[in-house]
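Q: My questions will all concern the structure given below.
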């Protein structure tokens, strides 16, 4: 005979190699808190409905509480032979309270049990990530505000394009991470649906009060279809998609910090406390934190692809393939959490070399568009103005000068309409301040964006504290 909970129809003991291959407790043991929480709620519902006695329910709840304390204190040893976190806890409960423990699984399958545990775990982690993202966004806003005076080149195709405020550039990432936060908030609506009561796939033949169980666990709703509840992981895929998008934003930010900290740019310097050196080259100061974050983006994107591929051809309902959802889900949660936390800590320690950034904004004809706009103001059609300025740029480049370094007479060779008032418009500060459109890099608009962001963050923090 086999000692498994499903032993009834088997006559041979499970091969040890199969036990090792199919066991998931080394991964899913982190679900212990959710598993115990779900079991306590299920037990209380069973007693309330008269399906088990109150005495048995009291013993079960007490025993589960003691097991949770043992796990958290490190006294509990998970046994791979018991397959997963669910059976490890149930077996420990039997050893503590005896036969009453066997009644806990009434009207429940591991199929709806693991779906419940995953949703409880992921809901808690999503809330935690949202709060961390709020902290990260505040760090970005403070960093932007502290560097409102800094002028830098804005880029297209990694070529200098137009001058912008450094704060405006940073606030672009604030907007990206704000959308990431919103995506995670929206994920919660799909995560926060209780599957318990679906049993293996068809529901349970007991008078269950699923709404009561859901209220004990803090769910907003119960699943509408038992087969869907146990067989889909779209809520986890949606979370991984949101995490992947967030990591893409981290990767883009990381790429810029790596570039900007190089000798070739010199725009920023990372703190020694957030850098590493070389084992052979004494002069090196390496941006390992942003490099690692950039690399970890690929891991999270891979986690998303892995679960999509796992789920793409599974027939209804539960299949053991779905055991593979947890390694990728846990990895994405851990990776994203670590990236958010390290960046939140790193931002206040970044030094911006404002002289270098302004010098870069002075070179490369970043004011060419403004010269064309000036000519439009003089009645020249934009396409003609564009061509005139292009020829002036070619002349200046050939002579090793910038547009603002040309004389009026030289400029008038290409644009007779130009006058002395042109030169005041060609400084980086003037170019920036003229872009006072909503969402633009003008100083007033950037300060408005920073103040709006602070109000938004305060509102979110108050709402999240409720």
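What follows draws every value from the coordinates through simple rules; no lab data is involved. Values in this document were obtained by computation on a predicted structure and should not be read as measured data.
Q: What is the diffusion coefficient of the stretch 189-239 in µm²/s, taking the Kirkwood radius over Cα pairs and the Stokes-Einstein relation at 10 °C with a viscosity of 1.306 mPa s?
A: Translational D for this selection: 141 µm²/s.
Q: Based on alpha-carbon centroids, what's the gap between the stretch 320-344 and the stretch 194-251 in Å, whole number please?
A: That distance is 18 Å.
Q: Could you state the angle between the C-alpha long axis of helix 382-398 and the longest principal axis of the C-alpha atoms of the chain, as a value from 0 to 90 degrees rounded to the nearest 10?
A: Orientation of helix 382-398: about 80 degrees from the principal axis.
Q: Still on this structure, please answer the following. I need the Kirkwood Rh of the stretch 258-410: take the reciprocal of the average 1/r across all distinct C-alpha pairs and report it in angstrom.
A: 20.8
Q: In addition: Along the principal axes of its C-alpha atoms, what lengths does the stretch 331-418 span, in descending order and rounded to whole Å?
A: 62, 27, 21
Q: Another question, if that's okay. Please list, short to long, the whole-number percent of alpha-carbon pairs of the chain in consecutive 10 angstrom bins beginning at zero.
A: Calculated P(r), rounded to whole percents: 4, 16, 21, 18, 14, 11, 8, 5, 3, 1, 0.
Q: May I have the extent of the alpha carbons of the stretch 125-236 along their three principal axes, as whole Å values ordered from largest to smallest?
A: Projected onto its principal axes, the Cα set of the stretch 125-236 covers 69, 29, 14 Å.
Q: Among the DSSP beta bridges whose two residues both lie in the chain, what percent are antiparallel, rounded to the nearest 5?
A: Bridges in the chain that DSSP calls antiparallel: roughly 85 percent.
Q: Helix 32-48 versus the longest principal axis of the chain: what is the Cα-based angle in degrees, 0 to 90, to the nearest 10?
A: Orientation of helix 32-48: about 50 degrees from the principal axis.
Q: Compute from the Cα atoms of the stretch 251-308 the Rg and the Dmax, the latter being the longest Cα-Cα distance, and quote both in angstrom.
A: In Å, with Rg to one decimal and Dmax whole: 14.0, 45.
Q: With the Cα gyration tensor of the stretch 348-392 giving a ≥ b ≥ c as the square roots of its eigenvalues, does the rule (a/c under 1.5 for rounded; else a/b larger than b/c for prolate; else oblate) give rounded, prolate or oblate?
A: Because a/c hits 1.5 or more and a/b exceeds b/c, the stretch 348-392 counts as prolate.
Q: Which semi-axes, in whole Å and largest first, does the equivalent ellipsoid of the stretch 7-106 have when worked out from the alpha carbon gyration tensor as the square roots of 5 times its eigenvalues?
A: Value: 25, 17, 11 Å, ordered largest first.
Q: A further question on this structure: Regarding the stretch 368-426, what are the three Cα extents along the principal axes, ordered largest first, in Å?
A: 29, 21, 17
Q: In Å, what is the Rg of the alpha-carbon atoms in the stretch 170-269, and how long is Dmax?
A: My reading of the Cα-based Rg and Dmax gives 21.1, 71 Å.
Q: Where does the stretch 146-193 land on Rg/Rh, using Cα atoms and the Kirkwood Rh?
A: Expressed as Rg/Rh, it is 1.26.
Q: Let me ask something else about it. Report, to the nearest 10°, how far helix 54-73 tilts away from the longest principal axis of the Cα atoms in the chain, using its own Cα long axis and a range of 0 to 90°.
A: 50
Q: When the gyration tensor of the stretch 55-187 is built from Cα positions, what are the square roots of 5 times its three eigenvalues, in whole Å, from largest to smallest?
A: After diagonalising the Cα gyration tensor, the semi-axes are 53, 15, 13 Å.
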